[in-house]
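Have a look at the structure below, then the notes.
The values are calculated or read from the model by the stated rules, or taken from the named source; none is laboratory data. Quick caveat, the model's predicted, so the values are computed rather than measured. Cβ coordinates were reconstructed from backbone atoms using ideal geometry, including for glycine residues, and neighbour counts include every protein chain displayed.
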Amino acid sequence: MEEKKIRPQDRWNAKAGLISKSYKLKREVTEQFAKACEEEGVSQAGQITKMMKGFINRKEIEKEYAEMHSGIGDCLVSVNAVIFQLKKMLEDVQSEELKIKIEERINEVFIVKDNLMEHNKRVYDFYNKIWQQVDADSEPSASP
């Protein structure tokens, strides 16, 4: 049986973890991409890798934000339920003293809700800045 010889380049690619991928793309797009990369002084493979990593990072950030936002959304639902229950209690209470205490609690819960909504806005702004950075990192940049 004849032993298959491995080319040095194939051995190096395997060691470096490099593989060859083939995609069917419009000729016009690939030509424009090649020209843009040449004008920016970057390799096509390097720019494709950078855009792939940027896309992967964006998806991870979006997933993390969705999980964080979901948790905040769940808290807001609970807070709204508490407000609803307190308002229902307020309707049934006869004592003015107790009504005042319930109204104070409702106001406290509204403060919690406002804080949650402000926190949600800060979380959104934080992730939005990260998304902008990921997008900026995906832009072509000259090789050193």
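A few notes on this one:
- The sole residue among LEU90, LEU76 that is over 30 Å from TRP131 (Cα atoms) and among the aliphatic types (A, V, I, L, M) is LEU90.
- Region 116-141 - residue that is charged (D, E, K, R) and within 29 Å of ASN80 (Cα to Cα) and, of those, modelled with the highest pLDDT: GLU118
- Residues (in a loop (DSSP other than H, G, I, E, B) and farther than 27 Å from ALA136 by Cα) located in region 1-54: MET1, GLU2, GLU3, LYS4, LYS5, ILE6, ARG7
- Verdict on ILE61 being of a type in the set (A, V, I, L, M, F, W, C), under 15 Å from the mean Cα position of the chain (by Cα), under 30 Å from GLU40 (Cβ atoms) and loosely packed, with under 12 Cβ neighbours inside 10 Å: no
- Hits in region 107-138 - residues which are among the small types (Gly, Ala, Ser) and exposed (fewer than 15 other Cβ atoms within 10 Å of the Cβ): ALA136
- Subset of region 81-106 [aliphatic (A, V, I, L, M) and either part of a helix (DSSP H, G or I) or touching a residue at least 60 places away in the same chain (Cβ under 8 Å) (or both)]: ALA81, VAL82, ILE83, LEU86, MET89, LEU90, LEU98, ILE100, ILE102, ILE106
- The lone criterion from (1) under 27 Å from the mean Cα position of the chain (by Cα); (2) loosely packed, with under 10 Cβ neighbours inside 10 Å left unmet by HIS69 is number (2).
- Criterion: β-branched (Val, Ile, Thr), within 30 Å of GLN132 (Cα to Cα) and at pLDDT 85 or above - qualifying residue of ILE56, ILE61, ILE102: ILE56
- Qualifying residue in region 33-55 (condition: surrounded by 10 or more Cβ atoms within 10 Å (Cβ to Cβ), under 30 Å from LEU116 (Cα atoms) and without any contact (Cβ under 8 Å) to a residue 24 or more places away in the chain): no
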